[in-house]
Structure formats: C-alpha cells, structure tokens
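The values are calculated or read from the model by the stated rules, or taken from the named source; none is laboratory data. Here the structure is a predicted model, which is why all the values come from computation and not from measurement. Cβ coordinates were reconstructed from backbone atoms using ideal geometry, including for glycine residues, and neighbour counts include every protein chain displayed. Please note that ligands, DNA and RNA were not included when accessible areas were found on the heavy atoms of the full protein model with its side chains. Shrake-Rupley method; radii C 1.70, N 1.55, O 1.52, S 1.80 Å.
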Amino acid sequence: MTGGVQIAIETAGVPFTQVQTAEITRDHGKILLLGTAHKDVTFPAATFERIIRGEITLTGSWNSYSAPFPGQEWQTIIDFIGNGSLDMSEFITHTITLTDLPKTIQQMADREFSFNKVLVDLNK
C-alpha cells in the first residue's frame, strides 16, 4: 500500500483497532501496540498478508499498570494528585479547548512550540 500512515500507535486495547492499525499502515510502516488486549486478537488472512507482504514492523510496549486492571499504580497516582502530594502543574505545559485541538496538533507536529502534556479542557 503506497497510501496510509507511516506509523500507527494503538492505545485502546480493542481487537478491532489492533487489527485496524495493520490495515491503515503503509508498506514498510511501523505499528506500536500499547493497548492491552482483553480478548483474543485475530487478524483476517488478508490483513495478516498485508503485514507480511508490506514488511510492516510490529512493536509492543509495556503499559503503565499491573493486573487486574486498572492496577495499584493508577489508584496510587490518583490518591497523590487528590491529596496534593503530586503537583501536576509541572507536567501540564498547555491547556487548550477542544476547538483548538486540530490546530494545536498540527503545531505540535510542526514543532512550533515545546510541550510536555497538553490538556484539553472540555468545559471551555
């Protein structure tokens, strides 16, 4: 496939989107599988053929929690944020509106500004 994306990152852990990443990735592209599968992931034969013939690279990445979901780590972080032990203002460099999201993503891609975490405020 000459069209499609060069890099696809799957974070939802949903079998449909895990398969879909291979369907939208171009030849010699790369896929990062981050979302944890909670069900079997079955690639249709044609999709599996796309991975093989397109020489697509699949890479897995460790996620941020332990079993059972959501794991102790998430609750610990929520507790730290809630009791003020962890100041999130040092991590969040920008707060934007949903309306500004498409423009901000493009600016991020074009490296027009430095950022760490960008928070989308749905109440603005």
Just to make sure I understand: if all protein chains stay in place, what is the order of Leu34, Leu122 by accessible area at 1.4 Å, largest first? Leu122, Leu34
Can you spot the lysines whose alpha carbon is less than 18 Å from Lys117's alpha carbon? Ignore those fewer than 8 places along the same chain. Lys103
Just flag the GluC sites (Glu not before Pro) in the stretch 1-98 sitting in loop per DSSP whose Cβ has no more than 12 other Cβ atoms within 10 Å. Glu55
Residue order for Trp62, Trp74 - accessible surface, 1.4 angstrom probe, largest first: Trp62, Trp74
If ligands, DNA and RNA are left out, what is the accessible area of Lys39 with a 1.4 Å probe, given in Å² to the nearest 10? 150
Measure off 7 Å from each Cα along the Cα-to-Cβ vector at Trp62 and Arg111, then give the distance between these two points in nanometres to one decimal. 2.9
Can you list the aspartates and glutamates whose alpha carbon is less than 12 Å from that of Lys30, not counting same-chain residues fewer than 8 positions off? Glu10, Glu55
Taking R0 as 25 Å and r as the Cβ-Cβ distance between Thr11 and Thr95, the FRET efficiency 1/(1 + (r/R0)^6), rounded to the nearest 0.05, comes to 0.70
Give me the Debye-computed log₁₀ of I(q)/I(0) at q = 0.09, 0.19, 0.20 Å⁻¹ for the chain, equal point scatterers on Cα only, no solvent, two decimals. -0.39, -1.15, -1.17
Keeping all protein chains in place and using 1.4 angstrom, which order do Arg26, Arg111, Arg53 fall into by accessible surface area, from largest down? Arg111, Arg53, Arg26
Rounded accessible area per residue of the stretch 18-109, 1.4 Å, Å²: 70
Using a Förster distance of 25 Å, the FRET efficiency for Thr36-Lys124 (Cβ separation, nearest 0.05): 0.20
Scalar couplings 3J(HN,Hα) for the stretch 98-104 by Karplus 6.51 cos²θ - 1.76 cosθ + 1.60 (θ = phi - 60°), nearest whole Hz, x for Gly and Pro, are 4, 4, 7, 4, x, 5, 5
